[in-house]
Structure formats: structure tokens, C-alpha cells
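Input: a single structure, listed below in C-alpha cells.
The values are calculated or read from the model by the stated rules, or taken from the named source; none is laboratory data. This is a predicted model, so every value here is computed, not measured. Cβ coordinates were reconstructed from backbone atoms using ideal geometry, including for glycine residues, and neighbour counts include every protein chain displayed.
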Number of protein chains: 2
Amino acid sequence: MKNIRRIAVAVLLVALLSPAVFAATLDPMPSWNDTAPKKAIVEFVARVTTTGSADFVPPGERIAVFDNDGTLWAEQPMYTQLAFIIDRVKELAPQHPEWQEQEPFAAVLRGDLASALAGGEHALLELSMATHAGTTTEEFAQIVEAWLATAKHPTTGRSYTGMVYQPMLELLDYLHASGFKNYITSGGGIEFMRPWTEEIYGIPPEQVIGSSIRTEFEMRDGRPVLVRLPELSFNDDKEGKPVAINLHIGRRPIAAFGNSDGDLQMLQWTAAGEGPRFCLYVHHTDPEREWAYDRESHIGRLDKGLDEANARGWTVVDMKADWNEVFPSEGVR
Amino acid sequence: MKNIRRIAVAVLLVALLSPAVFAATLDPMPSWNDTAPKKAIVEFVARVTTTGSADFVPPGERIAVFDNDGTLWAEQPMYTQLAFIIDRVKELAPQHPEWQEQEPFAAVLRGDLASALAGGEHALLELSMATHAGTTTEEFAQIVEAWLATAKHPTTGRSYTGMVYQPMLELLDYLHASGFKNYITSGGGIEFMRPWTEEIYGIPPEQVIGSSIRTEFEMRDGRPVLVRLPELSFNDDKEGKPVAINLHIGRRPIAAFGNSDGDLQMLQWTAAGEGPRFCLYVHHTDPEREWAYDRESHIGRLDKGLDEANARGWTVVDMKADWNEVFPSEGVR
């Protein structure tokens, strides 16, 4: 009899301890200092998840969008995908003897990245297509996975997936536990992210939006494949982000997180909806634990965005002051 | 004491009665006769949802894709979206006096649809762009909603959303309750479907994939909008369907449902994955309750698809024999 009563109490406890109750009793974001940004996040989540509140948002409409480079993981000294491109040019070089003489490939093979990128967007596009196309979608996913398994960040020696921000991992988990659906909306390649975002961020492939190249359906030996063509299909940056959000999600997010001017239109689009909205910029202010850059940076420039954040009262994370940890202890995920 | 024990038993019962247990004890699809297709569906769902089974598929990977026209709702005597186009040409005509003389608009306004469509794909594209572009995304959603609220099907007098198939509604619910994520993958317009698919099918906007026109981010009086441009962006038909599935979902479905040759590549792509797969064609064989058409039809032609279904042993629904109800009683949803 006592056992039955104990089981009953245990079952009732489990039934009562909903994520909302947990969130209220445990600190869901221990890597955030108790400064303004954390308070703003927790207050916003409470507003939209409290049943009966005027600002209550049904779970299906709790859409949050996150930029990736510089918002969820580091983007210095170069975008991770550029490091992938460089390594892949070297790997493919034996099959392309002409690259020894042909720019921008020759410069990459000489280790002279500055010269390789001196050709601007055109050079970058050429390098991207040569290293991202020509395989099936399945082959490309394996190539990305194999590269991530061994590649190391040039200054920290960590794996690239170890260069994600611990406070943002906690934020993703906290929002997910609060009934939010988290999406990535990155200027990076959609197929470059999908192989690992579920394991690292808890974000499944269908919630990853990014830039893409054209793919084509083809029958090979009676088996259908999707072949990646050397042609840009969509550039998911700046004005492209709201367009892609509308195409992939079909509803306006209620929360948006970015770190650069490339995210500004996404934040504007989010902020312009009716009802409660939350917009946040991560400001890179920590040269010791990470990097410090904003208005003058070539990578992740935050200039107009910072002005607009200040003018509109959006939340700005001062990385140095607001985060007590930046990167996770190795091996956490 | 007795009360506590009763509560304990009740709580335990609720905890035990998982959807899988419900599915085994209640008939989840009463509008389906107990013929081969229903048995094949139930058997497949049991295979992929039974923990410990060799064919078990984790919930996140239980992706099902559905064509819309002719698979989830009727497509005769013309695609619903074409009826919308005709009504919209008439509605916009006062703002376009030139249409009185200009084909294909003049023919539509004379009520001569055959002549209007004699111009083939070019004429249809022209009509589509004139009636689907020029508004913001939000305005267009309202236009679709307002039209659906009053438009009636020409032969049944029902609302168009009353022309959905009751057996397919039950199938969607059954799969959803079994941990599947249902997607629409339609040749129809993505923004033409999203305003109503959640209410009618239980499928939220982010799980709707379709053809699209280009949209552009624009600031109007300081407020961001997405403007619909008269330019086809993506044609989600035939080879386009696997491409769109890959772009939007990023994983291969384990189940696919269609009714025409336009769905063949989607079914091939689904079938080609490893592990258990389920492909089904709805065959329109019921001239009394619905329509009968296949190899010779201009709308929803099912020719190559029928051959491949027979050759590969895919499930083919004989609408007349396998469904005891076709359309829902009015007002069910």
C-alpha cells in the first residue's frame, strides 16, 4: 500500500513539474551574468508563455531565428566555411593541375589568402563553387562531417564545433524548453550546417535556413540523386533573410538574434510584427576570451545595426560584461 | 486514502495510454475500408513506431510528404488555384481596362476559359503573375482567405476547403498521432496554401512547400514589407519536388503520397532511402462520388506513375473500392 502511494506521489510530481515550473526554479542560463540582457530574455519568455497574459503567444507561433556566424559560433579570424574552402581546394588540387597556375586557386595553394581574396566576391564565388558543387547532396554532407571531425581552429586549436558560444547553447535550450521553435538563418551554406546543427545546437535540418547552390534531380544507375551545381541559388544575407524566413517558415518570428549588419533586416522584419517581439545583437567586446570588433570589421561588421539597436531599444549583449563563460568546456557536447 | 489511490490509478492510466496504444485499440481511419491500402498503412506505421523493432524510426525522422491537388483535395474540373485566378482577373478588371482587348485576359472576362488557356503555359503564367503579384505577402494571404470564405466549387456547391478527402484527413491525423511530421509538397502556390492548411489539415505554414514567385524586402513608410514580384521563383513539380524537399526539410521522407505523374520523382526519391519506406498513389476511380481519370487526363495525369507503382509494389488506392466516404460532412472542420 505504501508503495502504491509512493508511486502515485512520484507520478503526480512528474506530471506537475512542467518545463515552465523548472524554468522558474532553476537557472536556465548560468553562463549569463545577471545583467540587463539576461533579465530582458527571461522577462520576454515569461510574457509570451504565461497563459492568460495579454502577451501570451501560442507555442506554434513562438518562432525564434538565429544568425549562425558570430551569433552562435565564432567567425574570427575567418568564417569557418572559408577555412573549409581552403582545405578543400588543397584536397582537390591533385585532380586540378591547372589550379597551380590559375587564380584564385594558385594563391590559395601558395597559402596566400589575401591575394586569393583580393578578387573580391567573384573570387570567393569561384572558390565556393569549385569546392561545394560537383557532388551529390549525400556526398557533400559526408565531406563536411569528415572535415569537421579533424579540422582545428587556427588560434585556439579547438574543433570548430567547440567554438560555439556556451551562453547561446543555454539560450537555445531555454527557448526550446519554453515551447519555442528555434531556426538558424545564416549567410552560410544550408548544406554546410545541416550535418551537425542537430547534434551541436539541438536544431534539426528542417529548421536550418541558409545560402544555397542549385541542385538538380538526376537518375544514376536507376537510383535518384540530387546533384549540386556550381550556381548560386540564394544568398541568405541582409534583405535575403526575411525573404528566406518567409519562404521556409511562412510566419514572422517573435524573436531574432544576430551580430552584424547582415542580420539587420531580419531583426527589422521580426520587430515589425504585432504583439511582443524580442531583438538581440551579440556585440563582440571581449578581445581576451574571444574577439573585439564592430563598426570597422570586414567580418561581421556591426555598424548600422548597432545604431538601430540603440535607437529602438533592442537588447545588446556586451560579451565581456554579460557572459561569464564564452566557449563550452571541451567535450560538453 | 481511497481517493489518493484512485488518482494514482488514473494518472498511471493516462501515462500508459500512449498514442501507439490508442492507435492499436481504436480505428484511426474509419473512412477507409478494410482493404489492402489501409492494412499496408497500419502495418507500415506499426513497423516504424515499435520500439526495439529493426525498422524503428526515431520520431524526428518520421517525415511524410503529401501532394495537395488530387491527393488531399479535389482538382476537378480545374485546379482550385485556377478558379481563384479567374475570379481574381474579374475582380481586378476595372483597374485594367486594357484587359478587355488583351489576351488571355479578354477571354477570361468573356468566360471563355478554353481560349484563355489555348496559349498554353505562357498564358497561364501571364494570368498567374497578374493575379498573384503586386501585393505584399500579408495582403495576398488576406486575399486568399477572403476568396476561400465565399467561393464555391462549380459542380458540388461546396466551399473549396470542403472538397478535401475525409480519408486523407484521417490519415494525416493518424500519422501525426504516430509521431510523424506531415509536409505538403504541392505544385500549387506556397502562399496560396499557407493561409488555410493549418486549420483544414493540421499542417502549419512551415510544413507547406509549393511553387513560389519572387519576393523582395522593401521599406514602406519605415515599415518592412515583402513585396510579391511577377516572376516565377520555383516550380514545385516533377523533378522540382525532391529538390524542394531537400531545400526545405533537409532529410529524406520515409513516406510519400501523391496522385499524378507530377509526384513520381517525389515518390522515387522517398523510396530510394535506406530502411522502411512507404509510397502511395491515390487513383481516381469513382465517377459518382468524385471523378475517374488517369492516363489520358490533362489534369492530374497518372500514367508513368501507375506503371511504376505496379512494378515496384507501391500502394495504390482505388478510391471507389477503398474509401467508404470521400468528402467530409460539411462543418466537420
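Quick one: in the stretch B:287-307, which of the residues that are under 20 Å from B:Asp322 (Cα atoms) and assigned to a helix (DSSP H, G or I) is farthest from the chain's Cα centre (by Cα)? Result: B:Asp307. When the stretch A:248-259 is limited to residues that are more than 10 Å from chain B (Cβ to nearest Cβ) and in a loop (DSSP other than H, G, I, E, B), the one that is nearest to the chain's Cα centre (by Cα) turns out to be A:Asn259. Here B:Gly52, B:Gly111, B:Gly70 are screened, and the one residue that is under 22 Å from B:Gly187 (Cα atoms) and not hydrophobic (A, V, I, L, M, F, W, C) is B:Gly70. Go through the residues of the stretch B:274-286 one by one and say whether even a single one is without any contact (Cβ under 8 Å) to a residue 40 or more places away in the chain, part of a loop (DSSP other than H, G, I, E, B) and of a type in the set (Lys, Arg). Yes; the residues of the stretch B:274-286 include at least one that is without any contact (Cβ under 8 Å) to a residue 40 or more places away in the chain, part of a loop (DSSP other than H, G, I, E, B) and of a type in the set (Lys, Arg). In the set (1) within 15 Å of A:Ile245 (Cα to Cα); (2) modelled with pLDDT under 95, B:Thr215 fails one condition alone, (2). The residue that is nearest to the other protein chains (Cβ to nearest Cβ), among those in the stretch A:215-242 that are within 19 Å of the chain's Cα centre (by Cα) and surrounded by fewer than 23 Cβ atoms within 10 Å (Cβ to Cβ), is A:Glu239. Just a yes or no: is a residue in the stretch B:266-283 among the aromatic types (Phe, Trp, Tyr) and closer than 18 Å to B:Leu72 by Cα? Yes: the stretch B:266-283 contains one or more residues that are among the aromatic types (Phe, Trp, Tyr) and closer than 18 Å to B:Leu72 by Cα.
Among the conditions (1) more than 10 Å from chain B (Cβ to nearest Cβ); (2) free of Cβ contacts under 8 Å to residues at least 12 places away in the same chain; (3) of a type in the set (Asp, Glu), A:Glu206 misses just one, which is (1). For the stretch A:106-118, residues that are surrounded by fewer than 19 Cβ atoms within 10 Å (Cβ to Cβ) and part of a helix (DSSP H, G or I) total 7.
Matching residues to (1) over 18 Å from the mean Cα position of the chain (by Cα); (2) touching a residue at least 60 places away in the same chain (Cβ under 8 Å):
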residue: A:Asp34; (1), (2): yes, no
residue: A:Lys38; (1), (2): yes, yes
residue: A:Thr49; (1), (2): yes, yes
residue: A:Ala54; (1), (2): yes, no
residue: A:Ile63; (1), (2): no, yes
residue: A:Phe66; (1), (2): no, yes
residue: A:Tyr79; (1), (2): no, yes
residue: A:Arg88; (1), (2): yes, no
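Taking (1) more than 9 Å from chain A (Cβ to nearest Cβ); (2) on the phi > 0 side of the Ramachandran plot in turn, B:Gly262 satisfies each apart from (2).
Among all residues of the stretch A:294-310, there is none that is touching a residue at least 24 places away in the same chain (Cβ under 8 Å) and among the hydroxyl-bearing types (Ser, Thr, Tyr). Considering B:Glu103, B:Glu75, B:Glu98, B:Glu121, the condition of being out of contact with any Pro (no Cβ under 7 Å at 6 or more places or on another chain), farther than 30 Å from B:Glu199 by Cα and part of a loop (DSSP other than H, G, I, E, B) is satisfied by B:Glu103 alone.
Given the condition more than 9 Å from every other protein chain (Cβ to nearest Cβ) and at positive phi, answer yes or no: does some residue in the stretch A:180-201 qualify? For the stretch A:180-201, residues more than 9 Å from every other protein chain (Cβ to nearest Cβ) and at positive phi: absent.
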